[in-house]
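J.: Starting off with a structure, shown below.
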Amino acid sequence: MSESQSVQVFPPPADFAAQATISGMDAYRALCAEAEQDYEGYWARLAREHVTWKQPFTQTLDESNAPFFKWFADGKLNVSHNCIDRNIEAGLGDKTAIIFEADGGEVTHVSYKELLVRVSRFANALKAQGVKKGDRVVIYLPMSIEGIVAMQACARIGATHSVVFGGFSAQSLRDRINDAGAVLLITSDGQCRGGKALPLKPIADEALAMGGCESIKKVVVWQRTGAACAMTEGRDIFWQDFVAGQADYCEPEWVEAEHPLFLLYTSGSTGKPKGVQHSSGGYLLHAILTMKWTFDLKANDVFWCTADIGWVTGHTYITYGPLACGGTEIVFEGVPTYPDAGRFWKMIQDHKVSIFYTAPTAIRSLIKAADTNAAVHPKSFDLSSLRLLGSVGEPINPAAWSWYHDNVGGGRCPIVDTFWQTETGGHMITPLPGVTPLVPGSCTLPFPGIQAAIVDETGTELDWGKGGILVVKRPWPSMIRTIWNDPDRFQTSYYPADFNGKLYLAGDGATRDAETGYFTITGRIDDVLNVSGHRMGTMEIESALVSHPLVAEAAVVGRPDDLTGEAICAFVVLKGERPEGDAAKKVIKELQDHVGKLIGPIAKPKDIRFGENLPKTRSGKIMRRLLRSLAKGEEVTQDTSTLENPAILAQLSHTAG
Ligand code: PRX
């Protein structure tokens, strides 16, 4: 299907709109108007209606120390209490909270009552270990019930968790533990993915041995694969021994609304990954509201978000949002292509999933598989339980959108293309399924109360029809509070002086349709790449490359990729001679492995090119725009007259070997 088709509009199906929590454009506009007229009153009303407070708040928004905003600051609550106890109190104790499907297909159901016991025992064990409110706990676990239990247990005792994605390297884990000053690490012997058992504890051991992790007093090891793993006497303890003898109930620690629920490290345009700090009250409110309004979650829904708990999507739409709404959710350990590329569709069929939320990269890879094998085509499965689809993490191209809509959603299900970020805590710009006419490729309109806008370099708001810089004009409850250990970086990254420190800078470019005002995200405007929906800084990859003894200099850019959205392309100058042929291939492999080892496999450059030099301006700045053209295989149209050695352009125009 061609991408250049005329724009098609998909109004909300009448039967969906008729039952939707927010039904129709009038209802949407009424909410937006309420927020416009009384911004604080709007959020205060919602926070009172949707969150259960131990101590009600009297203050809504505190802007006295902007941009370090506070929401509901004198209120007290416990996030785990909101996610578990209040559902049990509402009579949902026996309802299934989690349907876990393992890589190999085994299924486990966990009710809200059972979840309370598991979370309480682990929380009590943490307390017995001396972990207390405000301590940081790093979680390095695969997708599992235990991962959710560990996060909820931290929330229950007021410890601040920091989950590190199981695909990150020892060095990345070490850096995060070090920056967070964590007191305890929770990991597993290994993880099961695609029929293989992969090690995790050895990577954790390597991280801890690197130095800089002396704050860690205990390592809790969940035995997932049963692989033999070395245990350090006095430091390491198996999960079952850790929780043995602990009571089935743990009284929640009532924390202030601003208490840091978690840190989650993400890439920025410069330097090392930053620890995005989220609050308890405001974050929870937005997790709940977006579950109810964007996903229209109802009592009988079976909700499935395919993200990993190592990313923000897994935090908000696996660990917290669905549970805080008393929902039933799927938690999946494996990969979409094992045992074959029909796995997602089979699971939707088996568990009667009604709301399905995934990333465009996954959709694109499954389209490819379905095109060549009818047995794994969604049409070979009964997907009639689905009523709503979602997309997240990267722009969804119209062809993938249409395939998803027609083949997975059977043409019946709206698609919510949700734009948001680690820093925003939850959806920012998204259709509401009973409200918004959909246009493939557009994330449409702001969530009610979110004041998104497009501005030029001076911070002046642009008329619809123009493209510019995406900003948010007012603070919102689930926003990032600061960068852990680096408040200055928080201020300069998100509230830059260019905009008088008044506008939240998302880091993305966007356009607004001249007639509808619909937003379309055009991609990052900084040096952040988005590969398969995973966010990476070019500087991080460059630092990894230059740390290799053979490398003198490196520059990394992204280039469009049909499958992964963007692909990493590295331009490298070696200390020795520029290699060619097989010698070049060998070095490429070595550098890819080196980056994989330092950051994680997701950061391996797909394309590595060698030059005797890099194209630079007279002042010595690398001409990145030119590199982007080269990476794409485009003809170089930029002025290259200042280049010292124009011959390097030919060298850099193709992959060596
Ligand atoms: O560039 C945008 C892109 O992903 C970035 C945020 O990445 P991360 O913090 O890892 O969070 C991903 C999951 C929320 C954004 O700055 N992005 C996210 N969602 C969309 C998107 N780009 C286009 N459309 C989306 N729906």
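The values are calculated or read from the model by the stated rules, or taken from the named source; none is laboratory data. No experiment lies behind these values; they were computed from the predicted model shown. So basically every Cβ, Gly included, is an ideal-geometry build from the backbone, and we count neighbours across all protein chains shown. The protein model used for the area step is the full one, side chains on, heavy atoms only, and it has no ligands, DNA or RNA in it. Shrake-Rupley method; radii C 1.70, N 1.55, O 1.52, S 1.80 Å.
J.: Going by what's in this entry, would W420 be described as within 13 Å of the ligand (Cβ to nearest atom) and open to solvent by less than 20 Å² (accessible area, probe 1.4 Å)?
T.: Values: within 13 Å of the ligand (Cβ to nearest atom): yes; open to solvent by less than 20 Å² (accessible area, probe 1.4 Å): no.
Criteria not met by W420.
J.: Looking at I330, I363, can you tell me which residue is touching a Phe, Trp or Tyr at 6+ places or on another chain (Cβ under 6 Å), within 25 Å of Q421 (Cβ to Cβ) and away from the ligand (no atom under 16 Å from the Cβ)?
T.: Numbers: I363 fails: away from the ligand (no atom under 16 Å from the Cβ).
The conditions single out I330.
J.: Of these, D406, D382, which one is away from the ligand (no atom under 16 Å from the Cβ), open to solvent by 40 Å² or more (accessible area, probe 1.4 Å) and not in a loop (DSSP other than H, G, I, E, B)?
T.: The conditions single out D406.
J.: Can you tell me which residue in the stretch 593-643 is surrounded by the most Cβ atoms within 10 Å (Cβ to Cβ), limited to those that are in contact with a helix residue (DSSP H, G or I) (Cβ under 9 Å, 6 or more places away or on another chain) and polar (S, T, N, Q)?
T.: So, considering only residues that are in contact with a helix residue (DSSP H, G or I) (Cβ under 9 Å, 6 or more places away or on another chain) and polar (S, T, N, Q), the one surrounded by the most Cβ atoms within 10 Å (Cβ to Cβ) is N613.
J.: Among the residues that make up the stretch 179-199, is at least one of them within 20 Å of K272 (Cα to Cα), open to solvent by 20 Å² or more (accessible area, probe 1.4 Å) and within 22 Å of the chain's Cα centre (by Cα)?
T.: yes
J.: Looking at (1) within 25 Å of K133 (Cβ to Cβ); (2) hydroxyl-bearing (S, T, Y); (3) in contact with a helix residue (DSSP H, G or I) (Cβ under 6 Å, 6 or more places away or on another chain), which is the one condition that is false for T270?
T.: The single condition T270 does not satisfy is (1).
J.: Another question, then. Mind checking which helices (runs of 4 or more DSSP H) fall wholly inside the stretch 25-140 and carry at least 1 residues that are within 30 Å of R174 (Cβ to Cβ)? Quick ask: steps written out before the conclusion?
T.: Details: elements: 25-37, 39-50, 112-128.
Ranges flagged: 112-128.
J.: Hand me the list of strands (runs of 3 or more DSSP E) wholly inside the stretch 435-547 holding 1 or more residues that are of a type in the set (S, T, Y) and either without any contact (Cβ under 8 Å) to a residue 24 or more places away in the chain or within 16 Å of the ligand (Cβ to nearest atom) (or both).
T.: 504-512, 519-524
J.: Answer yes or no as to whether D85 is open to solvent by 50 Å² or more (accessible area, probe 1.4 Å), more than 30 Å from G190 (Cβ to Cβ) and either more than 27 Å from the chain's Cα centre (by Cα) or touching a residue at least 40 places away in the same chain (Cβ under 8 Å) (or both). Quick ask: steps written out before the conclusion?
T.: Numbers: open to solvent by 50 Å² or more (accessible area, probe 1.4 Å): no; more than 30 Å from G190 (Cβ to Cβ): yes; either more than 27 Å from the chain's Cα centre (by Cα) or touching a residue at least 40 places away in the same chain (Cβ under 8 Å) (or both): yes.
No, not satisfied.
J.: Could you tell me how many of the residues in the stretch 385-403 are of a type in the set (A, V, I, L, M, F, W, C), within 16 Å of the ligand (Cβ to nearest atom) and not in a helix (DSSP H, G or I)?
T.: So the count comes out to 4.
J.: Let me ask something additional. Check E542, E553 and return the single one that is more than 25 Å from the chain's Cα centre (by Cα) and charged (D, E, K, R).
T.: Selected residue: E553, the only one of E542, E553 that is more than 25 Å from the chain's Cα centre (by Cα) and charged (D, E, K, R).
J.: Test A341 against the criterion of being within 16 Å of the ligand (Cβ to nearest atom) and at pLDDT 95 or above, and give yes or no.
T.: no
J.: Just the residues that are in a loop (DSSP other than H, G, I, E, B) and touching a strand residue (DSSP E or B) at 6+ places or on another chain (Cβ under 7 Å), please, taken from the stretch 141-162.
T.: Initial filter on the stretch 141-162 (in a loop (DSSP other than H, G, I, E, B)): 141-144, 158-159.
Scanning the stretch 141-162 gives L141, P142, M143, G158, A159.
This table checks each residue for (1) modelled with pLDDT of 95 or more; (2) among the basic types (K, R); (3) in contact with a strand residue (DSSP E or B) (Cβ under 6 Å, 6 or more places away or on another chain).
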{"site": "L445", "(1), (2), (3)": "yes, no, no"}
{"site": "P448", "(1), (2), (3)": "yes, no, no"}
{"site": "A453", "(1), (2), (3)": "yes, no, yes"}
{"site": "K466", "(1), (2), (3)": "no, yes, no"}
{"site": "S478", "(1), (2), (3)": "yes, no, no"}
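J.: What number of residues within the stretch 64-78 are among the aliphatic types (A, V, I, L, M) and buried (at least 19 other Cβ atoms within 10 Å of the Cβ)?
T.: Here is the first cut: in the stretch 64-78, the ones among the aliphatic types (A, V, I, L, M) are 66, 73, 77.
Then drop every residue that is not buried (at least 19 other Cβ atoms within 10 Å of the Cβ), which leaves 77.
Residues in the stretch 64-78 being among the aliphatic types (A, V, I, L, M) and buried (at least 19 other Cβ atoms within 10 Å of the Cβ): 1 in total.
J.: Right, next: Where residues in the stretch 205-243 are polar (S, T, N, Q) and either open to solvent by less than 50 Å² (accessible area, probe 1.4 Å) or modelled with pLDDT under 95 (or both), which of them is nearest to R136 (Cα to Cα)?
T.: Top of the filtered list is S215.
J.: Which residues, counting only those in the stretch 1-46, are at pLDDT below 95 and hydrophobic (A, V, I, L, M, F, W, C)?
T.: Result: M1, V7.
J.: Here's another thing I want to ask about it. Do we have any residue at all in the stretch 42-63 that's more than 29 Å from the chain's Cα centre (by Cα) and surrounded by 18 or more Cβ atoms within 10 Å (Cβ to Cβ)?
T.: Taking the stretch 42-63 and keeping what is more than 29 Å from the chain's Cα centre (by Cα), we get 54-59.
Now restrict to residues that are surrounded by 18 or more Cβ atoms within 10 Å (Cβ to Cβ): 57.
Within the stretch 42-63, one or more residues are more than 29 Å from the chain's Cα centre (by Cα) and surrounded by 18 or more Cβ atoms within 10 Å (Cβ to Cβ).
J.: Let me confirm something: among Q171, Q246, which residue is of a type in the set (S, T, N, Q), open to solvent by 20 Å² or more (accessible area, probe 1.4 Å) and assigned to a helix (DSSP H, G or I)?
T.: Q171
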